[in-house]
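J.: Handing you a structure now.
The values are calculated or read from the model by the stated rules, or taken from the named source; none is laboratory data. The structure presented is a predicted model; accordingly, all values stated were derived computationally and were not measured. Please note: Cβ atoms are built from the backbone with ideal geometry, for glycine as well, and neighbour counts cover all protein chains shown. These accessible areas exclude ligands, DNA and RNA; they are computed on the full protein's heavy atoms, side chains included. Shrake-Rupley method; radii C 1.70, N 1.55, O 1.52, S 1.80 Å.
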Amino acid sequence: FPVTIASICTKDAWEKAQNWELRVWLGSPKNYEDWNTWWFSRFKNFEYLKGYNFSSFLEVGCGPYAKNTEYFCKLFPQVKDVTLSDPLLKEYIAVDHPPFNVRSVISNTNAKTIYSSLEDIDTSKKYDVVLSINVLPHVRDAHLCMDKLYNLLNDDGVLIIGEDLVSQEDLDKHEDLRTDVGHPIKLDHNFFKEKLKVYHHIFNGILSREDSRAPDWYYGTLLYVGQKKA
């Protein structure tokens, strides 16, 4: 059957994607490129947030590196309440796989850990900043996850979200993209139009295909920072 833009996937597809994600990390070479640095630079190093008074921070879907959390905490040393969340976080912590490892970030930031998918995360604890970068292609239900991100924020809290954008034309042209087990969710910019109306825009843009991480696959990259509306 044809692969189309999709915001929800089956439990089986999600579990296969998680297994794929872990295998890719364990098999990555020591000189594996750290995409966290790429995202950080495209977000202009979060410099436009310097005037904000943050005390708590959560990165969801932090992955095995979580370097953006470390970058953020260096910019905002007053942030002492730091949390990392990922359904594979327990596995990432257990294995010493250089050159980057989430364990060093946890140690350097004194971060708490949550071993949970975004769909299942407890929203009773609120944060001043929630960071979600390259997370939604890996989830089960992108609609629910966007609601969770909103509900994890304090009043006037700030969401930072970055995602690769896929068009139907991209899917039709590239077999590798259609058969990509690791990213069962495929989203375009239309998905975010309504979802981001509940935020005051701070930083909002879409990189062109030429500037995206993988021009052959993605027609653009969403870079968004917004403050939760009351």
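J.: Can you go through D147, D156 and tell me which one is at positive phi, open to solvent by 50 Å² or more (accessible area, probe 1.4 Å) and modelled with pLDDT of 95 or more?
T.: D156
J.: Within region 88-99, how many residues turn out to be surrounded by fewer than 19 Cβ atoms within 10 Å (Cβ to Cβ) and in contact (Cβ under 8 Å) with a residue 24 or more places away in the chain?
T.: Residues flagged as surrounded by fewer than 19 Cβ atoms within 10 Å (Cβ to Cβ) and in contact (Cβ under 8 Å) with a residue 24 or more places away in the chain within region 88-99 amount to 6.
J.: Those residues that are of a type in the set (D, E) and closer than 22 Å to L196 by Cβ, I need them from region 153-184; list them, please.
T.: D155, D156, E163, D164, D170, listed by residue number.
J.: If you don't mind, another one. In region 21-35, which residues are surrounded by 14 or more Cβ atoms within 10 Å (Cβ to Cβ), of a type outside the set (D, E) and at pLDDT 90 or above?
T.: Of everything in region 21-35, just one residue is surrounded by 14 or more Cβ atoms within 10 Å (Cβ to Cβ), of a type outside the set (D, E) and at pLDDT 90 or above, namely L22.
J.: Can you tell me how many residues within region 75-87 are among the polar types (S, T, N, Q) and open to solvent by 50 Å² or more (accessible area, probe 1.4 Å)?
T.: Within region 75-87, residues that are among the polar types (S, T, N, Q) and open to solvent by 50 Å² or more (accessible area, probe 1.4 Å) number 1.
J.: Can I ask one more? So which helices (runs of 4 or more DSSP H) stay within region 111-230 end to end and still have 1 or more residues that are closer than 24 Å to K50 by Cβ?
T.: Correct list: 142-151.
J.: Which condition does K197 not pass, out of (1) surrounded by fewer than 16 Cβ atoms within 10 Å (Cβ to Cβ); (2) without any contact (Cβ under 8 Å) to a residue 12 or more places away in the chain; (3) within 22 Å of W39 (Cα to Cα), if it passes all the others?
T.: So the condition that K197 fails would be (3).
J.: Hey, among F46, F57, F72, which residue is in a strand (DSSP E or B), closer than 28 Å to Q227 by Cβ, open to solvent by less than 50 Å² (accessible area, probe 1.4 Å) and not aliphatic (A, V, I, L, M)?
T.: Going through F46, F57, F72 in turn, just one is in a strand (DSSP E or B), closer than 28 Å to Q227 by Cβ, open to solvent by less than 50 Å² (accessible area, probe 1.4 Å) and not aliphatic (A, V, I, L, M): F57.
J.: Has region 147-168 got any residue that is within 23 Å of Y92 (Cβ to Cβ), acidic (D, E) and in contact (Cβ under 8 Å) with a residue 40 or more places away in the chain?
T.: Yes.
J.: While we're looking at this one, here's another question. Being surrounded by fewer than 22 Cβ atoms within 10 Å (Cβ to Cβ), within 23 Å of W35 (Cα to Cα) and without any contact (Cβ under 8 Å) to a residue 12 or more places away in the chain, is that true of even one residue in region 110-127?
T.: no
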